[in-house]
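> What follows is a single structure, and I will ask about it in a moment.
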Amino acid sequence: MFSTPIPFSTYQFLTTRHYPLLPSPPFTLRHNFRRLSFLAKLEAMSQVSAYDEAMEALSSLITKRSRADKSNKGDRFDLLFDYVKVLELEEPIKQMKIIHVAGTKGKGSTCTFTESILRNCGFHTGVFTSPHLIDVRERFRLDGVDICEEKFLAYFWWCWDRFKEQTSDELPMPTYFRFLALLAFKIFAAEQVDVAILEVGLGGKFDATNVVESPIVCGIASLGYDHMEILGNTLGQIAGEKAGIFKRGVPAFTVPQPEEAMSVLEEKASKLEVPLQVAAPLDPNVLSGLRLGLEGEHQYLNAGLAIALCSTWLQRTGRVGINYLNQTTSLPDEFIKGLATASLQGRAQIVPDQLVESDNPDDLVFYLDGAHSPESMDVCANWFSLAIKEDRNSTSKALHDSGKRNSGETSRQSSTQILLFNCMSVRDPQLLLPRLLNACASHGVHFNKAFFVPNTSVYYKVGTGVSLPADAQVDLSFQLTLQKIWESLVLGERGREAKNADLTSEAGIDDTEKGGRICENSTVFPSLPLAINWLRENVRKNQSVRVQVLVTGSLHLVGDVLRLIKK
């Protein structure tokens, strides 16, 4: 029957697999025959873990079609309700106490604040967000923690096998994100969470999370220009897609929006009799001296939205009788603790390179933010610039207090800023890079160098260790375009002083040998590891300058960097 002999360990694993966490009997050999040959071939090459097998299966759902394909609008959204029936989730979804959040930027942070608040109020929470940075399990968090591997595999295969048994030409296997969203519903139903917090993946109206027909409350975070190839070219069109999550009579909140976007949100809300309110930004004074767990001034906007969502959820589920929405001078301790302890990778995150061979762990520091729209470039630049200023002030104070300034011990008093950038080719770098450069310059922060790299991750496979082969030929044409735009922008800057000349040497990449290119103010590296290695080598050689690297433009890039700099 099989072209490759099946190792007994594989046969035993598959034929005895059972799911103690799920109300279903053990799977028989009949259910697993379709995977035996595939797994046997993989195991013949290497020892394949159960998690690797799941990632291979999940990768097969990634479509090769471009997101910008005009023919896929809606992409047969009605199929999602058939998928829900296949997994027998109609009633469980109706019973869930759901908070649904859309938006261009800030929706992930809003979901994170919301989850943290309600968890600190004592509720069993589930949150589904995207994308993941390193491991797909990051998308599914139970009580603030990524779902464990054992539970993930149990629920994954439970869903996978039912789809394989019941899909057909008329009802094909769900695509990658749809499968993940449906898996989230299965996880939250089986785990019996008190509240399920769902972040929209793209848009709203046709997003997989929008199979929810009766959420408790909806939220719309800040709107801006992103995914325009799908959502529309105006803020009004984009707002219309986001407002697709509104449900008749269900209260909704948003943050202050541009007039064009707000008018559309109000129009959509009126048609559905949705009580739409604008949540005020959080007043820092109500945090009792604490700081938000997520860095950046823009987070007070997201925190204010999260407070409104949590307050409404508590009221509509009968959990409390106090209206926190109008309390501008104080917050419950649980809310304050939730806001102060919230955490989210890849958003305004500061991480020293943990693998650099240096005497000081802060010699090479990465400032990571997955900003990828023009508006978020402004936010990212403001956060980075303020963080740099704060670091300079604290360093100066520490040196002054220790007397080193007077004694001549000035180790690493100076710092230099470097940009490490990439973005998806569907985005317009002519809109992103000027916003970033100008916003930083307005704070007096100038980049000594910009590094442009391709992502390490591949887009057709999922897994914690997925990367391009070492000998893969990488097309750098887009990175070279980014470099050309950057050089033009820098040359156009007026009154910029040369700084840290010892870091401007033409070192690191031979453009004829490896495809990179060195210019006066930037370098294209053929791979991210080469760029990281250049930075580490420079830090080791130069003991007088601290290197601060802003990583932005793509959450994929942020995840790739985290893999390389964290132990």
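The values are calculated or read from the model by the stated rules, or taken from the named source; none is laboratory data. Predicted, not measured: the structure shown is a model, and the values here were computed from it. Here Cβ is always computed from backbone atoms with ideal geometry, including for glycine, and neighbour counts include all displayed protein chains. Heavy atoms of the whole protein, side chains included, go into the accessibility calculation; ligands, DNA and RNA do not. Shrake-Rupley method; radii C 1.70, N 1.55, O 1.52, S 1.80 Å.
> Just for the range 522-567: of the residues that are outside any helix (DSSP H, G or I) and of a type in the set (A, V, I, L, M), which one is farthest from Q479 (Cα to Cα)?
Taking the candidates together, the pick is V545.
> Would you check if there is a residue in the range 232-242 being at pLDDT 95 or above, in contact with a helix residue (DSSP H, G or I) (Cβ under 6 Å, 6 or more places away or on another chain) and of a type in the set (V, I, T)?
Taking every residue of the range 232-242 in turn, none turns out to be at pLDDT 95 or above, in contact with a helix residue (DSSP H, G or I) (Cβ under 6 Å, 6 or more places away or on another chain) and of a type in the set (V, I, T).
> Let me ask another. Could you grab me the full set of residues in the range 421-438 that are under 10 Å from S373 (Cβ atoms), open to solvent by 10 Å² or more (accessible area, probe 1.4 Å) and not charged (D, E, K, R)?
Across the range 421-438, the qualifying residue is only L431.
> For residues that are farther than 16 Å from S130 by Cα and assigned to a helix (DSSP H, G or I), tally how many sit in the range 202-223.
Residues in the range 202-223 being farther than 16 Å from S130 by Cα and assigned to a helix (DSSP H, G or I): 1 in total.
> Oh, and also: Output the residues belonging to the range 447-460 that are crowded, with 16+ Cβ neighbours inside 10 Å and either out of contact with any His (no Cβ under 8 Å at 6 or more places or on another chain) or among the small types (G, A, S) (or both).
Hits for the range 447-460 are F447, N448, K449, A450, F451, F452, V453, P454, T456, S457, V458.
> A follow-up question, please. Out of everything in the range 86-114 that is in a helix (DSSP H, G or I) and out of contact with any helix residue (DSSP H, G or I) (no Cβ under 7 Å at 6 or more places or on another chain), what residue ends up being nearest to G204 (Cα to Cα)?
Once the filter is applied, the top-ranked residue is K107.
> State which residue is modelled with the lowest pLDDT when the search covers only the range 540-562 and only residues that are surrounded by fewer than 21 Cβ atoms within 10 Å (Cβ to Cβ) and hydrophobic (A, V, I, L, M, F, W, C).
V545
> May I ask you to verify whether R248 is part of a helix (DSSP H, G or I) and at pLDDT 95 or above?
no
> A further question on this structure: What residue, among those in the range 417-429 that are modelled with pLDDT of 95 or more and either among the hydroxyl-bearing types (S, T, Y) or in a strand (DSSP E or B) (or both), is farthest from S457 (Cα to Cα)?
Step by step, filter the range 417-429, then rank; the result is Q417.
> Do we find that A531 is among the aliphatic types (A, V, I, L, M) and at pLDDT below 85 in this structure?
Against the criterion (among the aliphatic types (A, V, I, L, M) and at pLDDT below 85), A531 does not qualify.
> Looking only at the range 445-504, filter to residues that are of a type in the set (D, E, K, R) and over 28 Å from R546 (Cα atoms); which one of those is modelled with the lowest pLDDT?
Per the stated criteria, the residue is D471.
> What number of residues in the range 384-416 are at pLDDT below 95 and in a helix (DSSP H, G or I)?
21
> Sort out for me the strands (runs of 3 or more DSSP E) sitting completely within the range 119-201 that have 3 or more residues that are open to solvent by less than 30 Å² (accessible area, probe 1.4 Å), of a type in the set (A, V, I, L, M) and closer than 21 Å to A306 by Cα.
So the answer is 195-199.
> What is the residue count in the range 265-286 for residues that are over 29 Å from I336 (Cα atoms) and under 27 Å from the mean Cα position of the chain (by Cα)?
Step one: filter the range 265-286 for residues over 29 Å from I336 (Cα atoms), giving 265-273.
Remaining after also requiring under 27 Å from the mean Cα position of the chain (by Cα): 265.
Matching residues across the range 265-286 total 1.
> While we're here: Just need a number here: residues in the range 244-253 that are more than 16 Å from L309 (Cβ to Cβ) and either in contact (Cβ under 8 Å) with a residue 40 or more places away in the chain or open to solvent by less than 60 Å² (accessible area, probe 1.4 Å) (or both).
The total comes to 2.
> Further, regarding this structure: I'd like the full set of residues that are in contact with an Asp or Glu (Cβ under 7 Å, 6 or more places away or on another chain) and open to solvent by 10 Å² or more (accessible area, probe 1.4 Å), limited to the range 94-118.
The answer is K97, T104, K105, K107.
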